[in-house]
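Some notes on the structure that comes next.
Nothing in this text is a laboratory measurement; each read-out follows from the coordinates by a stated rule. Bear in mind the structure is a predicted one, so any value in this text is a computation, not a measurement. Heads up, the Cβs are rebuilt from the backbone with ideal geometry, glycines too, and the neighbour counts pull from every protein chain shown.
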Amino acid sequence: MDDQELYAIFRKNGYKVTSQRLAVYNYLISREDHPSADEIFNALKEEHPTISLGTIYNSLSVLRDLGLIQELGFNEGSSRYDPNTEVHVNMVCEKCGEIHDYYPEFLETLWEKITNSLEITPTGQRIDIYYQCEKCSNQMKE
Ligand SMILES: [Zn+2]
Ligand SMILES: [Zn+2]
């Protein structure tokens with residue numbers, strides 16, 4: 001999606017396009033590990049000295065309401081933010097919390113079968129797999 005399309009989505013829904021909202025979105029799509037609000041704040045505060053954690057949360061909730069990102073809540077309380085709103089699998093390391101996306105080729109077909117057999121039109125979805133990433137399972141062996 002280019003900036004023009006992004007602007008159009010904001011305006012159509014009555015939200016102001018601010019440089020901070022754009023910065024949060026652009027940062028999220030540049031990352032593949034679904035950062036938390038704290039991580040986004042730490043990454044952006046140097047380039048945007050006036051940004052606050054509150055602004056980050058506000059931007060994230062606007063982006064979520066616009067359907068541009070997905071908020072992944074976890075038991076321990078802090079949410080992670082996923083710029084990928086299509087059907088995919090989140091591989092979540094239960095040790096370090098790293099999240100990576102996985103798109104098996106058959107997922108689309110499988111998903112269609114599931115939603116067809118339920119006879120519903122899903123309005124959202126989330127598929128998480130918990131495991132221990134390579135780094136963490138190697139640490140265990142030492
Ligand atoms: Zn994801
Ligand atoms: Zn790990």
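Here are the numbers for this structure:
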{"quantity": "Residues in region 87-109 that a label on F74 would reach, taking backbone N under 15 Å of a point 7 Å out along Cα→Cβ", "calculated": "90-101"}
{"quantity": "Anisotropy class of region 40-112 from Cα gyration tensor, a/c 1.5 cut", "calculated": "prolate"}
{"quantity": "Segment E86-N58, extension gain: residue separation times 0.36 nm, minus the distance between their alpha carbons", "calculated": "7.8 nm"}
{"quantity": "Shape category assigned to region 3-82 from the gyration tensor of Cα positions, a/c cut at 1.5", "calculated": "oblate"}
{"quantity": "Partnerless cysteines, meaning none of the other Cys C-beta atoms lie under 4.7 Å away, in the chain", "calculated": "C96, C136"}
{"quantity": "Residue-count net charge about Y15 - beta-carbon cut-off 13 Å; Lys, Arg +1, Asp, Glu -1", "calculated": "+4"}
{"quantity": "Ratio of Rg to Rh over the chain (Cα coordinates, Kirkwood Rh, two decimals)", "calculated": "1.01"}
